[in-house]
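Just below is one structure, and these are the notes that go with it.
The values are calculated or read from the model by the stated rules, or taken from the named source; none is laboratory data. Every value quoted in this text rests on a predicted model; they were computed, and no experiment measured them. With ideal geometry, Cβ positions are generated from the backbone for all residues, glycine too; neighbour counts draw on all protein chains shown.
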Amino acid sequence: MALFEARHLHKRFGQQVVLEEINLSFEEGRLSGIMGPNGAGKTTCFNVLTGRYKPDRGQVLFDGEDITGSPPEKIVRRGISRSFQIMNLFDEYTVLDNIVIALPGIRKKLTNPMHAIDADSEMQDRAMDILDRVGLPGRARTNSKSLSYGERRALEIGVALATEPRLLFVDEPTAGLGADGTSRLADLIQSLKEHTTIVMIEHDMQFLFDVADKISVIHWGQVIAEGTPDELRANPWVRRSNLGELN
């Protein structure tokens with residue numbers, strides 16, 4: 001059984017049908033990608049999967065349980081986390097503080113989590129482990145607004161990992177990155193996928209083809225193809241779907 005499934009999802013806004021009969025499944029221990037041209041419906045699909053939008057019809061299952069229409073905070077408590085295309089960081093806090101404040105133990109213990117950051121050395125150690133995983137151990141005491149754009153991307157993924165997810169959704173991680181930043185991010189994603197199940201929406205096809213185990217292509221609000229990167233490279237329908245060159 002897949003860790004996460006979407007069955008027969010439909011979503012419309014007014015008279016516009018954005019998603020029609022979407023079926024997706026994501027296996028544990030793998031990196032699954034979602035791609036498609038602008039306006040294809042992939043972002044709406046991502047928002048339905050992560051609880052930001054409720055589908056008009058259909059079902060979303062996580063580990064066999066129906067989570068259709070659950071609010072994002074409830075979905076996070078079940079073990080699903082998400083990073084965003086537009087980053088959400090506390091710029092006035094340090095890199096370490098951003099991670100610590102996202103840890104479940106800190107959020108549970110006190111009404112003032114910032115007080116707990118300095119008081120709980122165990123939580124700080126856990127946060128440092130996460131910073132090491134995302135390649136930022138030497139930046140722990142740096143104010144987050146002083147980070148480079150690529151480092152902020154890595155920190156946002158670290159914040160998502162701090163919630164201890166079984167499944168991590170990553171939204172357009174290469175947006176705004178240059179070639180060097182994209183290369184470093186690819187190394188980070190490759191290391192994370194060894195321990196975390198990841199679903200990624202991404203506009204950079206070559207990046208996605210380099211890191212994903214399986215990719216679903218959404219166009220016209222429907223899944224038009226699924227398969228490994230090699231299978232999709234050979235798919236004539238995908239190649240004709242205004243997705244650019246697949247090398």
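Descriptive notes on the structure:
- Scanning region 39-85 for residues that are closer than 21 Å to Leu103 by Cα, in a loop (DSSP other than H, G, I, E, B) and either free of Cβ contacts under 8 Å to residues at least 12 places away in the same chain or not small (Gly, Ala, Ser) (or both) returns Thr50, Pro71, Phe84.
- Residue within region 122-133 that is of a type in the set (Gly, Ala, Ser) and modelled with pLDDT of 90 or more present: yes
- Among the residues of region 134-155, the ones that are modelled with pLDDT of 90 or more, under 27 Å from Phe4 (Cα atoms) and of a type in the set (D, E, K, R) come to 0 in all.
- Only listed residue being farther than 22 Å from Glu28 by Cα and either at pLDDT 90 or above or buried (at least 17 other Cβ atoms within 10 Å of the Cβ) (or both), chosen from Gly227, Gly181: Gly181
- Looking across Thr50, Thr43, one residue alone is under 20 Å from Pro173 (Cβ atoms) and in contact with a helix residue (DSSP H, G or I) (Cβ under 9 Å, 6 or more places away or on another chain). It is Thr50.
- Within region 177-204, if we keep just the residues that are within 19 Å of Ile80 (Cα to Cα), outside any helix (DSSP H, G or I) and not charged (D, E, K, R), the residue that is farthest from the chain's Cα centre (by Cα) turns out to be His195.
- Where a residue in region 221-237 is free of Cβ contacts under 8 Å to residues at least 60 places away in the same chain and its partner, wherever it lies, is in a helix (DSSP H, G or I) and of a type in the set (Phe, Trp, Tyr), with Cβ under 8 Å and at least six apart: Ile224/Trp237; Ala225/Trp237; Pro229/Phe209; Leu232/Phe209; Arg233/Phe209
- Checking each residue in region 152-176 for being buried (at least 18 other Cβ atoms within 10 Å of the Cβ) and of a type in the set (A, V, I, L, M, F, W, C) picks out Ala154, Leu155, Ile157, Val159, Ala160, Leu161, Ala162, Leu167, Leu168, Phe169, Val170.
- Residue, modelled with the highest pLDDT, within region 7-56, restricted to residues that are hydrophobic (A, V, I, L, M, F, W, C) and touching a Pro at 6+ places or on another chain (Cβ under 7 Å): Leu9
- Selection count, region 138-189, where residues are more than 24 Å from Gln124 (Cα to Cα), touching a residue at least 60 places away in the same chain (Cβ under 8 Å) and among the small types (Gly, Ala, Ser): 1
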